[in-house]
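Visitor: Right, I'll just put the structure down here and ask away after.
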Amino acid sequence: MHDIRAIRDNPEAFEQALNRRGLHGLTSQILSLDSDRRARISAAENAQAEQNKASKEVGAAKARGDEAEFERLRALVAQTKSDIATMQAEAADLDARLRDLLLGIPNLPLDRVPDGADEDDNVELRRWGNPRAFDFPPKEHFEIAGVRPGMDFETGAKLSGSRFVVLKGGIARIHRALAQFMIDLHIDKHGLEETWTPVLVLEDMMLGTGQLPKFGEDSYLTREGYWLIPTAEVTLTNTVHGDLVDHATLPRRMVAHSQCFRSEAGSAGRDTTGMLRQHQFEKVEMVSITDAESGLAEHDRMTRCAEAVLEALELPYRTIILCTGDMGAGARITHDLEVWLPGQDRYREISSVSYCGDYQARRMNARYRPEGGGKPEFVHTLNGSGLAVGRTLIAVLENGQQADGSVVLPQVLRPYLGGATRLSAEGVLS
RNA sequence: GGAGACGUGGCCGAGUGGUCGAAGGCACACCCCUGCUAAGGGUGCAGACCCGAAAGGGUCUCGAGGGUUCGAAUCCCUUCGUCUCCGCCA
């Protein structure tokens, strides 16, 4: 959510920044609502001040036993009461409308974010690793002989419908090993705090990180009113929801391995084969809560944390910076990591690392007191995948596949696989 | 699921119809004293919003929403959250 005062102080800059997001004319709408709102508030407050004054005099009159004056003032107060209620209602209505409008407006891109309409305008920052040269046509993950016994889409569909999968045997173990490896790397090498959170949350948390009010159809809502988190960003970030945290505890760097649930409304027909896009998947998520000064540096640090996972797994990738049109609503800048998938012969998103500034913090009302005292300031929040586990599984399988249908696995997974380094063409670890 | 209790400022915790935005403690900031792995004294210190160049003034907020009342942290209703006991259960 945006700071109305910042918009008032510099409407041109705000409008220009929104234009880069493809939004036009919102600023004048906001300002006009805001001035109406303030006029109403002033009127209501002045009326209230008068009533408060009269109320005090009522008490004084009563105390000195002046019944006539008491009755006169009482009647006066009663009379102005309904007027005040009307003015207050109007002010509250305008305030709510302004808030709703502001809640629906995306964050402002930083200057360094490239302008663009869609993913074609994203800018590559760097590449790591060389895609392997195959002496046979590489297959997609679900076509590889060694994978097929352990990746059961039929049973997944029977149990839960499309976009669900059942993993078995060696595949299930590799999947689990990947998640364990990632968490260990982040806590042992990167200094993040391992965190375990609920996957069902209250509605206010979804508002806090920005999934609501605009993107509710992307997530699942239970009968009891709980939302299933689409990412642990929701729970990790909202750990400071409503808090005034001690500055000395910043930055807070957390990592969680969680189930994620997405309805994938709007992506019907995309990535329908394989387990690239599922309704339920696992992700290792990183979240940092920082102060205003260190947010951007933290963004680079977090990007490095995610890149380190891919490098340890020997998976070629590229890091791109998303253009204004491709960036999520809450972000001021986003780095995507795209891993090389030889079966698809292209790079695919496997991590997204975003710096949100104080956008989420305003929604959550999460603040810290600056060092040496002073007014509380909003924290800055960052989130990034480190990494999407299912997609990492795909990348490991496709990049390690052999002509005979077996798969050579990354060395770093060995301790997590009972010493195994290969998945045979029959789907057995060895 | 049954019964009950609770929700106050950064934290703890008093306060049961007006003099309460709210005692006291802790934490924090500054000052004084003292002098060394401590302690003592003083002062300040909730947030949001509105008006104002500022000084300053005003409004609201004691989980949230509504009600009673001239007046609500305090009484009533609803709701969210938390806790305890019982039941069930991984």
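The values are calculated or read from the model by the stated rules, or taken from the named source; none is laboratory data. No experiment lies behind these values; they were computed from the predicted model shown. Here Cβ is always computed from backbone atoms with ideal geometry, including for glycine, and neighbour counts include all displayed protein chains. All accessible areas refer to the heavy atoms of the entire protein, side chains included, with ligands and DNA or RNA removed. Shrake-Rupley method; radii C 1.70, N 1.55, O 1.52, S 1.80 Å.
Visitor: Normalising by the residue count of chain A, find the relative contact order in percent from Cα pairs under 8 Å and 6+ residues apart.
Guide: On the way: 819 pairs, mean separation 86.7, N = 430.
So the answer I get is 20 percent.
Visitor: Starting from the Cα gyration tensor of the stretch A:389-430, take the square roots of the eigenvalues, sort them a ≥ b ≥ c, and report rounded, prolate or oblate (rounded when a/c is under 1.5, otherwise prolate if a/b is larger than b/c, else oblate).
Guide: Oblate is the answer for the stretch A:389-430, as a/c is 1.5 or above yet b/c matches or exceeds a/b.
Visitor: Taking the convex hull of the alpha carbon atoms in chain A, what volume per residue do you get, in Å³?
Guide: Numbers: hull volume 75.8 nm³, N = 430.
It comes to 176 Å³ per residue, whole-number rounded.
Visitor: List the residues whose amide H sits under 5 Å from the amide H of A:T324, counting only those 5 or more places along or on another chain, with H placed 1.01 Å from N in the peptide plane.
Guide: Close amide H contacts, sequence-distant or interchain: A:D115, A:G116.
Visitor: For chain A, set up a Gaussian network in which alpha carbons nearer than 10 Å are linked by springs, and say which option among A:D271, A:D135, A:D115 fluctuates the most.
Guide: A:D135
Visitor: Something else now. Taking springs between alpha-carbon atoms closer than 10 angstrom, which of A:L313, A:L221, A:L337 fluctuates most in the Gaussian network model of chain A?
Guide: Checking each option, the largest mean-square fluctuation is seen for A:L221.
Visitor: Hey, any idea what Rg/Rh is for the stretch A:262-305, computing Rh the Kirkwood way over Cα pairs?
Guide: 1.19
Visitor: Which helices pass in chain A if a helix is a full DSSP H run, must span at least 15 angstrom along its long axis by Cα, and must have mean Kyte-Doolittle hydropathy not below 0.0?
Guide: A:169-188, A:389-400
Visitor: Then there is this: How compact is the stretch A:326-421 by the rule of thumb for globular proteins, expressed as Cα Rg over 2.2 N^0.38 Å?
Guide: Relative to the rule-of-thumb radius for its length, the stretch A:326-421 sits at 1.61.
Visitor: So what is log10(I(q)/I(0)) for the stretch A:223-297 at q = 0.16, 0.18, 0.20, 0.24 1/Å, when the Debye sum runs over its Cα atoms only?
Guide: -0.74, -0.85, -0.94, -1.11
Visitor: A further question on this structure: Evaluate the Kirkwood expression for the hydrodynamic radius of the stretch A:229-270, namely the inverse of the mean inverse distance over all pairs of different C-alpha atoms, and round to one decimal in Å.
Guide: 12.8 Å
Visitor: Which residue, A:A306, A:A68, A:A395, has the most motion in a Gaussian network model of chain A that connects Cα atoms within less than 10 Å?
Guide: A:A68
Visitor: For A:V412, what accessible surface area do you get with a 1.4 Å probe? Give it in Å², rounded to 10.
Guide: Rounded to the nearest 10, the figure is 50 Å².
Visitor: Still on this structure, please answer the following. Any chance you could tell me what percent of the C-alpha pair distances in the stretch A:1-144 go past 21 Å?
Guide: Beyond 21 Å sits 67 percent of the P(r) for the stretch A:1-144.
Visitor: Shifting gears a bit: On the protein heavy atoms, probe 1.4 angstrom, tell me the percent of accessible surface of chain A carried by carbon and sulfur.
Guide: That share works out to 48 percent.
Visitor: Express the accessible area of chain A per residue in Å², computed with a 1.4 Å probe while the remaining protein chains stay in the model. All intermediate terms of the calculation are to be shown ahead of the outcome.
Guide: Details: 20250 Å² over 430 residues.
Accessible area per residue: 47 Å².
Visitor: Determine the gain in length on full extension of the stretch A:R112-A:A75; use 0.36 nm per residue of separation and subtract their C-alpha separation, reporting nm with one decimal.
Guide: Here the segment from A:R112 to A:A75 would lengthen by 7.0 nm.
Visitor: In addition: What is the extension gain from A:N52 to A:Q29, computed as 0.36 nm multiplied by their sequence separation minus the C-alpha to C-alpha distance, in nm to one decimal? Could you put the intermediate results ahead of the total?
Guide: Working: separation 23, 0.36 × 23 = 8.28 nm, distance 3.42 nm.
Difference between extended and current length: 4.9 nm.
Visitor: Here's something else I'd like to know. Where Lys and Arg each count +1 and Asp and Glu each count -1, what net charge lies around A:T209 among other residues with Cβ under 11 Å from its Cβ?
Guide: Around A:T209, the surrounding residues sum to -1.
Visitor: Gap in Å between the Cα centre of the stretch A:11-41 and the Cα centre of the stretch A:77-149?
Guide: 20 Å
Visitor: Under a crude label model (7 Å from the Cα following the beta-carbon direction), how far is A:E314 from A:A133 in nanometres?
Guide: 1.7 nm
Visitor: Going by the alpha-carbon gyration tensor, a ≥ b ≥ c the square roots of its eigenvalues, is the stretch A:157-262 rounded (a/c under 1.5) or, if a/c is not under 1.5, prolate (a/b greater than b/c) versus oblate? Kindly include the intermediate steps, with their values, before the conclusion.
Guide: Values: a/c = 3.10, a/b = 1.12, b/c = 2.77.
Since a/c reaches 1.5 but b/c is at least a/b, the shape of the stretch A:157-262 is classed as oblate.
Visitor: What length, rounded to one decimal in nm, is gained on full extension from A:Y220 through to A:D120, with 0.36 nm per residue of separation minus their alpha-carbon distance?
Guide: Numbers: separation 100, 0.36 × 100 = 36.00 nm, distance 3.02 nm.
The A:Y220-A:D120 span can extend by a further 33.0 nm.
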